[in-house]
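Some notes on the structure that comes next.
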Amino acid sequence: MISFKNRLDKIPDRITSDELLSNKGLGNEIGFYIFDYPPEYELEMREHIQFIIRQIPKKKSDIRFIHINLFELVTDYLKQRKLLDRAIEIQFNKGNQEFLNSVKGLLAGEKVARTFIAEANPQNNDLVLVSGIGSVYPLLRIHNLLNNLHSLMEETPLVMFYPGTYTGKGLRLFGRLKEVHYYRAFQLVM
């Protein structure tokens, strides 16, 4: 297996490639890509995402892209609905389970997908980068979000940075939680 550092080095060329940006060679599949990584490298990955964001315009000056941190997206969504402070109060006073129960309906996959699409604006972007998956757990389950995004992303490729393992058949967050079946994405870098 290629080292984590070598895999990181391959990301900028891969996400700016004509093949990825035009969804070539996917056999009518959606352009969803996952870069899975060991969760213990989370801080290094965050730094590298910022490096990637700076590199994209240098590699392909005309590319329109957006980076969405899912934790920030969910937090902003709860703030806009004027529910964040209330949810935090519930967590503080009644515990994590009551907190999760209080936001469960608000953070259903289809609702977050609509918020995500409004932010991602796939009609006006060539690429969408997604991070913050570990931080948003257990508020949001990624396979639910991805399933709800299939019909909404149209032809715009999505690249997700995933702290865990992706086998091509399933996702295993942090490499420890029970594997969830998901097979509609491609490995970004092997």
Two-site label geometry, ASP85 and LEU43: point separation in nm, points 7 Å out along Cα→Cβ:
3.3 nm
Would you list which aspartates and glutamates come within 13 Å of LYS58, measuring only between C-alpha atoms, while excluding same-chain residues fewer than 8 positions from it?
ASP13
Of all DSSP beta bridges in the chain, antiparallel share, percent nearest 5:
25 percent
So, counting K/R as plus one and D/E as minus one, what does the shell of residues with Cβ under 13 Å around PRO39 add up to?
-1
Which of the lysines could a cross-linker span from LYS94 if the Cα-Cα distance has to be under 16 Å and same-chain partners fewer than 8 positions apart are dropped?
LYS104
So if I take the centroid of the Cα atoms in region 120-155 and the same for region 49-115, what is the distance between those two points in Å?
10 Å
Return the loop-located trypsin sites (Lys or Arg not before Pro) in region 72-112 (DSSP other than H, G, I, E, B) with at most 16 other Cβ atoms within 10 Å of their own Cβ; answer none if there are none.
ARG81, LYS82, LYS104
Calculate the dipole size of region 68-187 relative to its Cα centre from +1 charges on Lys and Arg beta carbons and -1 charges on Asp and Glu beta carbons; express the result in debye to the nearest 20.
480 debye
Place a label point 7 angstrom from the Cα of ILE53 along the Cα-to-Cβ direction, then list the residues of region 122-153 whose backbone nitrogen is under 13 Å away.
129-132
Using the beta-carbon distance between LYS94 and GLU119 and R0 = 35 Å, what value does 1/(1 + (r/R0)^6) give for FRET efficiency, to the nearest 0.05?
0.70
With r defined as the distance between the Cβ atoms of SER102 and ASP76 and R0 fixed at 22 Å, what FRET efficiency is calculated, to the nearest 0.05?
0.80
Checked against a 27 Å limit on the C-alpha separation, the offending pairs among LYS5/LYS59; LYS79/LYS169; LYS60/LYS169 are LYS79/LYS169; LYS60/LYS169
Using a/c under 1.5 as the rounded threshold, could you call region 84-190 rounded, prolate or oblate? The axes a ≥ b ≥ c are square roots of the C-alpha gyration tensor eigenvalues, and prolate needs a/b larger than b/c, oblate otherwise.
oblate
Residue among ASN6, TYR41, ILE142 farthest towards the positive dipole end of the chain, charges placed on Cβ
ILE142
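Since every read-out is calculated from the coordinates, none of them should be taken as a lab result. Note that this is a predicted model, so its numbers are computed, not measured. Quick reminder, even Gly has a Cβ in these numbers, built from the backbone with ideal geometry, and neighbours come from all protein chains shown.
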